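S.K.: Questions regarding the structure given below will be posed in turn.
The values are calculated or read from the model by the stated rules, or taken from the named source; none is laboratory data. Everything quoted here is computed from the prediction, not taken from an experiment. Here the Cβ positions follow ideal geometry from the backbone for every residue, glycine too, while neighbour counts run over all protein chains shown. Just the protein is used for accessible areas: all its heavy atoms, side chains included, with ligands, DNA and RNA removed. Shrake-Rupley method; radii C 1.70, N 1.55, O 1.52, S 1.80 Å.
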Amino acid sequence: DVKVTQSSRYLVKRTGEKVFLECVQDMDHENMFWYRQDPGLGLRLIYFSYDVKMKEKGDIPEGYSVSREKKERFSLILESASTNQTSMYLCASSQQGGNARNQPQHFGDGTRLSIL
Amino acid sequence: AQSVTQLDSQVPVFEEAPVELRCNYSSSVSVYLFWYVQYPNQGLQLLLKYLSGSTLVKGINGFEAEFNKSQTSFHLRKPSVHISDTAEYFCAVNPSNNFNKFYFGSGTKLNVKP
């Protein structure tokens, strides 16, 4: 089975801190994604990556950056955390960098981040 | 632009009753359609997907969905639910002109009561 592991289930940080959320997948998937999940809004794509060192902005990239130095690891960075970034963050991966629709996305269990 | 509407934020139902979770979408291009389930404190798992072919798609755990192009709908159904089906369900679309983008609905919480 595909395993997508997010480093923390719960995280509490302070306003202005630099926050790193880590995600690792063990199936050699080309595509990796970061979403945030908020009640009533569903999932919104922050960034995705289709290869090492390659990234594309999603629908809500403001205030975030990402890093993909190795194929299995995709990091989400909050440069200066703010309270409106309190949310559930979900990482996902999928096979075949060129045609994501034919392969399902595999999700991690999420990181619930609170910014105080 | 694409949008996905899940009309019901919560659906209460008794065990062994049938259920339908509604999903409508809006898109200027053809789309591929998905249903995911999220159990408490977990990530999302794929239930089923429609890419092409038969408009009736069967998924895991006895769920099925029907693609209706004229009504731009992709409703999820199960003839008899179990307590273990209690979860949040998300409809998602992938537009044919952007294979890396998935647009998710706001989710429907299914609460199965004994």
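Let's see how each residue does on (1) without any contact (Cβ under 8 Å) to a residue 40 or more places away in the chain; (2) crowded, with 16+ Cβ neighbours inside 10 Å; (3) not hydrophobic (A, V, I, L, M, F, W, C):
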residue: A:VAL24; (1), (2), (3): no, yes, no
residue: A:ASP28; (1), (2), (3): no, no, yes
residue: A:TYR47; (1), (2), (3): yes, yes, yes
residue: A:LYS70; (1), (2), (3): yes, no, yes
residue: A:CYS91; (1), (2), (3): no, yes, no
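S.K.: Please note which strands (runs of 3 or more DSSP E) are completely contained in segment A:21-94 and include at least 2 residues that are within 10 Å of chain B (Cβ to nearest Cβ) and either under 8 Å from the mean Cα position of the chain (by Cα) or of a type outside the set (Phe, Trp, Tyr) (or both).
M.R.: A:31-38, A:42-51, A:87-94
S.K.: What number goes with the only condition from (1) open to solvent by less than 70 Å² (accessible area, probe 1.4 Å); (2) at pLDDT 90 or above that A:PHE20 does not pass?
M.R.: (1)
S.K.: Shifting gears a bit: Would you confirm whether or not segment B:9-22 contains a residue that is at the interface with chain A (Cβ under 10 Å from one of its Cβ atoms) and either in contact with a Phe, Trp or Tyr (Cβ under 9 Å, 6 or more places away or on another chain) or over 27 Å from A:LYS3 (Cβ atoms) (or both)?
M.R.: Start the filter on segment B:9-22 by keeping residues that are at the interface with chain A (Cβ under 10 Å from one of its Cβ atoms), which leaves B:9.
Add one more test, that the residue is either in contact with a Phe, Trp or Tyr (Cβ under 9 Å, 6 or more places away or on another chain) or over 27 Å from A:LYS3 (Cβ atoms) (or both), and what stays is B:9.
The answer is yes; a qualifying residue exists.
S.K.: Here is a list: A:SER114, A:SER80. Which entry is touching a strand residue (DSSP E or B) at 6+ places or on another chain (Cβ under 8 Å), among the polar types (S, T, N, Q) and surrounded by fewer than 16 Cβ atoms within 10 Å (Cβ to Cβ)?
M.R.: After applying the criteria, what remains is A:SER114.
S.K.: B:VAL81 versus (1) over 13 Å from the mean Cα position of the chain (by Cα); (2) open to solvent by 10 Å² or more (accessible area, probe 1.4 Å); (3) more than 21 Å from A:SER94 (Cβ to Cβ): which is the lone unmet condition?
M.R.: Result: B:VAL81 passes all but (2).
S.K.: Right, another one. Among A:THR5, A:THR15, which is in contact with a helix residue (DSSP H, G or I) (Cβ under 9 Å, 6 or more places away or on another chain) and β-branched (Val, Ile, Thr)?
M.R.: Working: A:THR5 fails: in contact with a helix residue (DSSP H, G or I) (Cβ under 9 Å, 6 or more places away or on another chain).
Going through A:THR5, A:THR15 in turn, just one is in contact with a helix residue (DSSP H, G or I) (Cβ under 9 Å, 6 or more places away or on another chain) and β-branched (Val, Ile, Thr): A:THR15.
S.K.: Still on this structure, please answer the following. Could you run through segment B:75-114 and say how many residues are within 20 Å of B:ALA17 (Cα to Cα) and either within 9 Å of chain A (Cβ to nearest Cβ) or not in a loop (DSSP other than H, G, I, E, B) (or both)?
M.R.: 16
S.K.: Say whether the condition of being in contact (Cβ under 8 Å) with a residue 12 or more places away in the chain, closer than 29 Å to A:SER87 by Cα and of a type in the set (Val, Ile, Thr) is met by at least one residue in segment B:51-59.
M.R.: No: zero hits.
S.K.: Same structure, new question: Out of A:GLY63, A:GLY40, report the one residue that is of a type outside the set (Val, Ile, Thr) and closer than 26 Å to B:LEU7 by Cα.
M.R.: Details: A:GLY63 fails: closer than 26 Å to B:LEU7 by Cα.
Being of a type outside the set (Val, Ile, Thr) and closer than 26 Å to B:LEU7 by Cα holds for just one of A:GLY63, A:GLY40, which is A:GLY40.
S.K.: Additional query: Look through B:LYS58, B:LYS78 and report the one residue that is more than 13 Å from B:LEU110 (Cβ to Cβ) and either out of contact with any Cys (no Cβ under 8 Å at 6 or more places or on another chain) or β-branched (Val, Ile, Thr) (or both).
M.R.: On inspection, the qualifying residue turns out to be B:LYS58.
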